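Values in this text are rule-based calculations from the coordinates and carry no lab data. Just so it is clear, the structure is predicted and the values come from calculations on it, not from any experiment. In this analysis, Cβ positions are derived from the backbone assuming ideal geometry, glycine residues included, and neighbour counts consider all displayed protein chains.
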Amino acid sequence: MPDLINKLSSYAALVGVVGAIGGGFYAWGEFNTRLSAIENKEFTVNETVDLTDTHDRIIKATKKLCKN
């Protein structure tokens, strides 16, 4: 009977190790799939920034400094 318990526990440990290794490979595959999806995605930025107010302030400051 103790021999049977030892065999069952060693088989259970083996199944656990194989399951853990398989789970690791599965997680690695999912990670690579997500990374590939991000790498292949096209990003376009359609936002424009209006800097005319800032430009005008710089010009005014430059003129003020040049007068002094």
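Among the candidates THR44, THR54, single out the residue that is outside any helix (DSSP H, G or I) and within 37 Å of the chain's Cα centre (by Cα). Explain how you work it out, then say what you get.
Details: THR54 fails: outside any helix (DSSP H, G or I).
Of THR44, THR54, the one residue that is outside any helix (DSSP H, G or I) and within 37 Å of the chain's Cα centre (by Cα) is THR44.
In the range 34-63, which residues are surrounded by 10 or more Cβ atoms within 10 Å (Cβ to Cβ) and among the polar types (S, T, N, Q)?
SER36, THR54, THR62
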